[in-house]
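See structure below.
The values are calculated or read from the model by the stated rules, or taken from the named source; none is laboratory data. Computed from a predicted structure; not experimentally measured. Counting neighbours? That spans all protein chains shown, and the Cβs are built from the backbone with ideal geometry, glycine included.
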Amino acid sequence: MGAIVAIVGRPNVGKSTFFNRLIQRREAIVDATSGVTRDRHYGKSDWNGKEFSIIDTGGYVLGSDDVFEKEIDKQVELAIAEADAIIFMVDVNTGVTGMDEDVAKLLRRVNKPVYLAINKVDNAMRQEDAVEFYALGLGEYYTLSSINGSGTGELLDALVKDLPQVEEEQTELPRFAVVGRPNAGKSSFINALIGEDRYIVTDIAGTTRDSIDTKYNRFGFEFNLVDTAGIRRKAKVKEDLEFYSVMRSVRAIEHCDVCLLLLDATRGFDGQVENIFWLAQRNHKGIVILVNKWDLVEDKETNTIKQYTERIKQAISPFVDVPILFVSVLTKQRIFKAIETAVDVHKNRSKKIITRKFNDVMLPLIEAYPPPAYKGKYVKIKFCTQLPTPYPQFAFFCNLPQYVKEPYKRYLENKIREEFDFTGVPITVFMRKK
Ligand code: GDP
Ligand code: GDP
């Protein structure tokens, strides 16, 4: 479970340039495998081995210049409420602007770490110009150049030093999060589940401010619903802000074991839904896809579900071993099945395969189809084991781990999935030297 860092600031200071620098490498890998380029404003990053989620709030500002200001204030307030740390970015070229002062005013009241990042300090001469930003009353600042990368290391060193790092704890009860775009039916779904108070065991105040989990007992299942407060509170947010929804989703994903990814059948599995899917995958969370509002789909021939499923699988390839259910919160169709499936996925995610059994199954499969020779050298895999992590990761020990490429790792993953049930769970395959 990692922390959430938000980048705020007015347009054109370089937020997205900085953001892309942080997530570039990892996201590029995901993009390459699915063949989709995504305009993405949140992702996972790490520095010195510490992982955190990062959100570029600027990615959600739409509209003309005069709308900007109000929007930005709103986003800064949400970022303050939801994030664990805030990077406030300004532009050395323009100096302090009125909009910077407005944002600083909001940030001075915050008792979370705030890092003032003065961007576009591309060379030493610019350092002196940065001094004027002391006027923002935020104290110490970091100068950097998002374009050439200088100074970014110092900022990130300071950032991760202060970030709370909580290893994912193994809780007794599975933690489910309901995530998705605005209007997918998340609150209706939660209400359908917890509407009847007698099933709620307790509301557990989370470690983070405002996060309320609901301990829940129904259909013979016990689980915690993560962040029910956020979803219930949504009703009070006037507009259905995509940004708000994303913030809550990022938060909920960090804190759960299994994500119930809800989408509106009439809108389809679009880019935003896909982004949430990949974030859950990157966080090693279990995933169940629920195509909601199935009652609104009129032409329900036998093929409709099949075609719909195919389309989703194309979007989430190569991680297609994910349950996809067609539900209606309105008519309560397959709601029970959804929870049952989430419970199964949680079991898969907690599964531990005994090393001896794992070797007995995998080594013959490896022998039958060994890694291809690379530069005339033969890779010999000697043994393998599941690692003792809260989610499934596997290590294969061999003489030349660096010669085992992605396609072969994919082969291993596919065989693991065929032989042991890991439906709904991202798994990682490592090659190790032995
Ligand atoms: P955002 O609106 O805050 O996300 O800003 P962008 O990341 O889109 O950047 C706005 C402009 O500033 C773009 O033309 C960037 O190429 C440029 N820019 C971003 N970072 C730097 C930097 O460190 N130095 C210079 N010289 N230009 C930068
Ligand atoms: P949220 O923004 O994801 O929390 O979505 P809401 O739960 O507020 O639902 C958005 C709208 O979709 C509301 O008008 C709901 O009544 C409606 N809705 C939710 N689930 C269903 C469903 O299964 N079928 C139909 N027809 N409407 C639904």
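The table below gives the values:
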read-out: Enumeration of residues in segment 76-106 that are away from ligand 1 (no atom under 14 Å from the Cβ), outside any helix (DSSP H, G or I) and among the hydrophobic types (A, V, I, L, M, F, W, C); value: Ala83, Ala85, Ile86, Val96
read-out: Filtered residues of segment 291-330 (kept if within 12 Å of ligand 2 (Cβ to nearest atom), in a loop (DSSP other than H, G, I, E, B) and not hydrophobic (A, V, I, L, M, F, W, C)); value: Lys293, Glu298
read-out: Contacts under 9 angstrom Cβ, first residue in segment 287-305 being within 8 Å of Phe326 (Cα to Cα) and of a type in the set (Asp, Glu), partner modelled with pLDDT under 85 and within 10 Å of ligand 2 (Cβ to nearest atom), 6 or more apart; value: none
read-out: Test: residue in segment 103-119 that is charged (D, E, K, R), away from ligand 2 (no atom under 16 Å from the Cβ) and touching a residue at least 60 places away in the same chain (Cβ under 8 Å); value: no
read-out: Every pair of residues 6+ apart whose Cβ atoms lie under 8 Å, when the first sits in segment 308-336 and is more than 17 Å from Asn414 (Cα to Cα) while the second is part of a loop (DSSP other than H, G, I, E, B) and among the basic types (Lys, Arg); value: Leu325/Arg334; Phe326/Arg334; Val327/Arg334; Ser328/Lys293; Ser328/Arg334; Val329/Lys293; Leu330/Lys293
read-out: Answer residue from segment 131-149, given it is under 34 Å from the mean Cα position of the chain (by Cα) and part of a helix (DSSP H, G or I) and is farthest from ligand 1 (Cβ to nearest atom) among those; value: Leu136
read-out: Whichever residue in segment 267-290 is among the aromatic types (Phe, Trp, Tyr) and part of a helix (DSSP H, G or I) and, among such residues, is modelled with the highest pLDDT; value: Phe277
read-out: Top-ranked residue of segment 174-186 - restricted to ones that are more than 13 Å from Ser249 (Cβ to Cβ) and surrounded by 18 or more Cβ atoms within 10 Å (Cβ to Cβ), ranked as farthest from ligand 1 (Cβ to nearest atom); value: Pro174
read-out: Qualifying position, being among the charged types (D, E, K, R) and either under 22 Å from the mean Cα position of the chain (by Cα) or modelled with pLDDT of 90 or more (or both), among Glu82, Glu71; value: Glu82
read-out: Residue among Lys357, Lys347 that is assigned to a helix (DSSP H, G or I) and surrounded by fewer than 13 Cβ atoms within 10 Å (Cβ to Cβ); value: Lys357
read-out: Flag if Asp31 is away from ligand 1 (no atom under 16 Å from the Cβ) and either part of a loop (DSSP other than H, G, I, E, B) or modelled with pLDDT under 55 (or both); value: yes
read-out: Among the candidates Thr355, Thr341, Thr389, residue that is of a type in the set (Ser, Thr, Tyr), touching a strand residue (DSSP E or B) at 6+ places or on another chain (Cβ under 8 Å) and over 30 Å from Asp264 (Cβ atoms); value: Thr355
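Residue-wise test of (1) among the charged types (D, E, K, R); (2) surrounded by fewer than 16 Cβ atoms within 10 Å (Cβ to Cβ).
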site: Tyr378; (1), (2): no, yes
site: Lys382; (1), (2): yes, yes
site: Thr385; (1), (2): no, no
site: Thr389; (1), (2): no, yes
site: Phe394; (1), (2): no, no
site: Tyr403; (1), (2): no, no
site: Glu413; (1), (2): yes, no
